[in-house]
């Protein structure tokens, strides 16, 4: 059988079309790598699952500008508590405090109060009768009136009233050294008052 040129052209076009169809089918059916898109809901919810930052509450007393209770983030250190209480008073020292120590919730930080002063203030007998020194009784910081406080060296009417007001605002003096928290009472004046007062 002899194919005419026209028939050959038709056969060639048919084969070409068949090849195109087979090639397209193969291209569509081949395996493709999976593409994973980020989940916007998962990323949006991530901050909500983060652990909340805790807090510690500590009492700062002594030679700071604003003695009292301060609240700080967990992991804060002693130096952070002092700064939150207004920092050290002019001329005051932090003493033997470890400023880098991590704070514990509920603790009290005594700034500038030396252990030797604590023991010295606790040493004298609590009243003049027990000590046998009736001629020079110690003045009770928690009971003395403003007029009685003025009898102390370096204490005038203004400082006497500040001491009384401190009692009203903060409650009883728990230690002679706490007297240093009263505005206007510096280290030099405290040295004169320690042997003359009690709590």
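The values are calculated or read from the model by the stated rules, or taken from the named source; none is laboratory data. Because the structure is a prediction, the values reported are computed rather than measured. Reconstructed Cβ throughout: ideal geometry from the backbone, glycine too, with neighbour counts over all protein chains shown.
For the stretch 175-194, a residue qualifies if it is loosely packed, with under 12 Cβ neighbours inside 10 Å and over 13 Å from residue 92 (Cβ atoms), and exactly one does: 191.
Within the stretch 49-100, the set of residues being within 12 Å of the chain's Cα centre (by Cα) and in a loop (DSSP other than H, G, I, E, B) comprises 53, 54, 74, 75, 76, 85. Among the criteria (1) within 18 Å of residue 85 (Cα to Cα); (2) in contact with a helix residue (DSSP H, G or I) (Cβ under 9 Å, 6 or more places away or on another chain), the one residue 160 does not fulfil is (1). Just checking, does the stretch 103-111 include any residue being modelled with pLDDT of 90 or more, in the same structural domain as residue 69 (by TED's automatic domain parsing) and surrounded by 13 or more Cβ atoms within 10 Å (Cβ to Cβ)? Looking through the stretch 103-111, at least one residue is modelled with pLDDT of 90 or more, in the same structural domain as residue 69 (by TED's automatic domain parsing) and surrounded by 13 or more Cβ atoms within 10 Å (Cβ to Cβ).
To keep it simple, each residue is scored yes or no on (1) modelled with pLDDT under 90; (2) outside the structural domain of residue 93 (by TED's automatic domain parsing); (3) not in a helix (DSSP H, G or I).
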{"residue": "137", "(1), (2), (3)": "yes, yes, yes"}
{"residue": "151", "(1), (2), (3)": "yes, yes, yes"}
{"residue": "154", "(1), (2), (3)": "yes, yes, yes"}
{"residue": "158", "(1), (2), (3)": "no, yes, no"}
{"residue": "162", "(1), (2), (3)": "no, yes, no"}
{"residue": "168", "(1), (2), (3)": "no, yes, no"}
{"residue": "173", "(1), (2), (3)": "no, yes, yes"}
{"residue": "177", "(1), (2), (3)": "no, yes, no"}
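Taken over the stretch 179-199, the criterion of being closer than 15 Å to residue 138 by Cα and outside any helix (DSSP H, G or I) is satisfied by 197, 198, 199.
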